[in-house]
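Worksheet for the structure shown next.
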Amino acid sequence: MSLIVAKFGGTSVASPERIKNVAKRLVRMRQQGNEVVAVVSAMGKTTDELMGLASAVTGAPPARELDRLLSTGEQVSMTLLAMAVEALGYKAMSFTGRQAGIQTDGTHNKAKIVKVHNERILDALEAGVIPVVAGFQGIDANDDITTLGRGGSDTTAVAIAWGINADVCEIYSDVDGVYTTDPRVAPRAKKLDSVCYDDMLELSSAGSGVLQSRAVEFARKWKVVIHSRSAFSDAEGTYIKEEYEMEEAVITGIASDTSEVKVTVRGLPDTPAVAAKMFSALAANNVNLDMIIQNVSEGGVTDISFTTPGADLGRAKDTLERIVPQIGAREFIVDEDIAKVSLVGTGMKSSPGVASRAFQTLGDNNINIVAISTSPIRLSVIVDAAQATQAVQCLHTAFGLDSDDLFVETQLSAEEIAAKMKKGR
Ligand code: ADP
Ligand code: ASP
Ligand code: MG
């Protein structure tokens, strides 16, 4: 007998039919002798639709109200799933984030879980009930509803799994595990049997959408084992845990992310403290930075480029409009059509030559590198967004990650891939 937390993403609960299938799966788990807690996302594209409604009313929705609005999506799916389970003759009860004991800090729209009160869930299990928890939401110290950032139901599931000491946190989605890269972008991607926390965290942070990075961070910290698997089949998926089962490869996977933009400040005086002034102003305005590149100066002036999430671009522009004249720079320009492609693998640490092979491969394919950044287990390059798919595919081949089996189920068109990669914005 195992205690399982089973999280179902938007696609898995997109219609009443699919909700009924999820109910059947939960019942099956119980019949096999397991205890189970379900965590659900909002149905299909509900969260996007709710965001659309908010922006139709105002250009700048107040964060508190937006969280309240977005949290309703998961409250619809949780009740429908509880009803569907009851219809199969099993007891079920839905719980909002607050009722499930998810306490967060007060950072609306991307709140962090600070405590999990497990009593109600444990009481429900004790009473033979299948608890169905609304993902993505919690409650802050002011009793206000918060949400955990896009994809946040993954984090709810991991937190609940930790809170009730579950044996495993199963994350069901429309892919049957974690692949060497998004199988819809590179159809030759291979499913991985297991991925260690460090690699998964880098992959998620670098834009691999299959698991929210906060969820992986939480799982790594508290040693929660995640099983990423398909909502539409019984196939074994991918285990995310401390160690690999097989010998690790040099590169575990490749992620791409088009949600960042590049800003270049031109004609900056090359004197001490100028960069400090500019970046302090950006930090004060809550602009997150990823890569920073300073060019060689010529005639006492230089250019500095940085990348920032698309969501921070408005604030970056406001700051630079003010600060650029103050620091004596000439102008700033924005390039939104960039993509970050990242190679990830703890195996990289003991394997020189990753960078040279990556650069050579991109060069051979006529893909220009705009910027580079590295960590001990990641190499990221910025390329033109239009070349992102090609970059992922040729690196995937060059690092020996291609599989002979095609993931043909849902290969997307070039436009669909581009739209998918823009999702994070
Ligand atoms: P859910 O809505 O269930 O949370 P997501 O859309 O968040 O599901 O995550 C599943 C999607 O993640 C897949 O459809 C796939 O296209 C994408 N994805 C990106 N990178 C990977 C990867 N490395 N392995 C598997 N899927 C990936
Ligand atoms: N419904 C939320 C979203 O679309 C949370 C989630 O699906 O995990 O981001
Ligand atoms: Mg998701």
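The values are calculated or read from the model by the stated rules, or taken from the named source; none is laboratory data. The model shown is predicted, which means the values in this text are computed figures rather than measured ones. Neighbour counts run over all protein chains shown; Cβ positions are idealised from the backbone, glycine included. Ligands, DNA and RNA are stripped out before the accessible areas are found, and what is left, the full protein with its side chains, is counted by its heavy atoms. Shrake-Rupley method; radii C 1.70, N 1.55, O 1.52, S 1.80 Å.
Descriptive notes on the structure:
- Under the shape rule built on the C-alpha gyration tensor, where the axes satisfy a ≥ b ≥ c, the stretch 52-177 is prolate, since a/c reaches at least 1.5 and a/b is greater than b/c.
- Measuring between their Cα centroids, the stretch 295-331 and the stretch 145-212 lie 35 Å from each other.
- Positive-end extreme of charge dipole, the stretch 235-303 - chosen from Tyr239, Ala284, Thr258 (charges on Cβ): Ala284
- Considering only Glu17, Glu217, Glu35, the mean-square fluctuation computed in a Gaussian network model of the chain, springs between alpha carbons under 10 angstrom, is largest for Glu17.
- At q = 0.10, 0.23 Å⁻¹, base-10 log of I(q)/I(0) for the stretch 112-230 (Debye sum, equal scatterers on each alpha carbon): -0.33, -1.40
- Take the Cα of Glu17, step 7 Å toward its Cβ, do the same at Ala56, and the gap between the two points is 2.7 nm.
- Judged by the mean number of other Cβ atoms found within 10 Å, the most tightly packed of the peptides 20-27, 66-73, 177-184 leads the ranking 177-184, 66-73, 20-27.
- The stretch 378-405 versus the stretch 1-51: alpha-carbon centroid distance in Å: 33
- The dipole here belongs to the chain: it is taken about the Cα centre, uses +1 on the Cβ of Lys and Arg and -1 on the Cβ of Asp and Glu, and is about 660 debye.
- Solvent-accessible surface ranking, highest first, for Glu242, Glu298 at 1.4 angstrom: Glu298, Glu242
- Given R0 = 35 Å, the distance between the Cβ atoms of Asp193 and Lys24 translates into a calculated FRET efficiency of 0.85.
- Label-point separation, Val296 to Thr397 (7 Å along Cα→Cβ), nm: 3.4
- Charge dipole of the chain about the Cα centre (unit charges at C-beta), most positive-ward option of Val168, Met200, Ala371: Val168
- By the rule of a C-alpha distance below 23 Å, with chain neighbours fewer than 8 residues away ignored, the lysines paired with Lys277 are Lys262, Lys317.
- For Gln360 and Lys112, the FRET efficiency from 1/(1 + (r/R0)^6), where r spans their Cβ atoms and R0 equals 56 Å, is about 0.85.
- Maximal additional length on extending the Asp335-Arg120 stretch stands at 72.5 nm, based on 0.36 nm per residue less the C-alpha distance.
- Between Asn288 and Lys223, full extension at 0.36 nm per residue minus the direct alpha carbon distance yields a gain of 20.6 nm.
- Using only side-chain charges placed at the Cβ, +1 for Lys and Arg and -1 for Asp and Glu, the dipole size of the stretch 1-156 relative to its Cα centre rounds to 480 debye.
- For the listed peptides 139-151, 253-265, a ranking on the average number of other beta carbons within 10 Å per residue, highest first, reads 253-265, 139-151.
- Surface exposure of the stretch 40-188, expressed per residue as accessible area with a 1.4 Å probe, stands at 41 Å².
- Listed by chain and number, the lysines whose alpha-carbon sits under 25 Å from that of Lys191, ignoring those within fewer than 8 places in the same chain, are Lys7, Lys221, Lys223, Lys241, Lys340, Lys349, Lys420, Lys422, Lys423.
- Carbon + sulfur, % of accessible area of the stretch 143-217 - ligands and nucleic acids excluded, 1.4 Å: 40
- Cα-centre dipole for the stretch 27-109 with unit charges at Cβ (Lys and Arg positive, Asp and Glu negative), debye to 20: 240
- Sum of -39500 (n - 2.57) over DSSP H runs of 4+, divided by residues of the chain (222 nm, nearest 500): -10500 deg cm²/dmol
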